[in-house]
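What follows is a set of notes on a single structure, which appears directly below.
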Amino acid sequence: MKKILLAASAFLVLVACTKTEAESTAATEATEEEVKVTDPNEVSNVQEPKTFRSETGDVLKVTYFALGDRVAVKVQKNQEPEVELKGQTVSSSGNLLFGTKDLSWEMDDSGSSGKLTGADGVAVQYVLE
């Protein structure tokens, strides 16, 4: 009887150690996946470009995407080179602001229009086509 209890105790210790090691490995793998997701330069969730038009006829193509754990946009006005703008803050009216030191895009809460502001500080309203 003593040998059976000793064997059962050894078996339980072995099972408990194996379970702890498996949980530890799973936790490490989950942490590695989280690190990959929060890579600040990883581009994901790229949406189809949306085309906006100003009153003067200028065309603006806006592509929303995730850059690491933040939202960013690529804007292309007419045939000019595409510019990447990172999410900066929220305006006083609650709209998302994306920008660099020379250019900013403020999207309205419905996503159907926005304002593009250049380095000169002049804002141009664009409406979804």
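Is there a residue being at pLDDT below 95 and among the basic types (Lys, Arg) anywhere in the stretch 54-67? Scanning the stretch 54-67, I find no residue that is at pLDDT below 95 and among the basic types (Lys, Arg), so the answer is no.
Yes/no matrix, rows are residues, columns are (1) in a loop (DSSP other than H, G, I, E, B); (2) within 14 Å of the chain's Cα centre (by Cα):
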site	(1), (2)
48	yes, no
92	yes, no
98	no, yes
116	no, no
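Go through the stretch 76-98 and count every residue that is closer than 22 Å to residue 55 by Cβ, of a type in the set (Gly, Ala, Ser) and either surrounded by 12 or more Cβ atoms within 10 Å (Cβ to Cβ) or outside the structural domain of residue 51 (by TED's automatic domain parsing) (or both). Adding up the residues that qualify gives 1.
The values are calculated or read from the model by the stated rules, or taken from the named source; none is laboratory data. Given the structure is predicted, the values throughout are model-derived calculations rather than measurements. All Cβ positions, glycine included, derive from the backbone under ideal geometry; neighbour counts span all protein chains shown.
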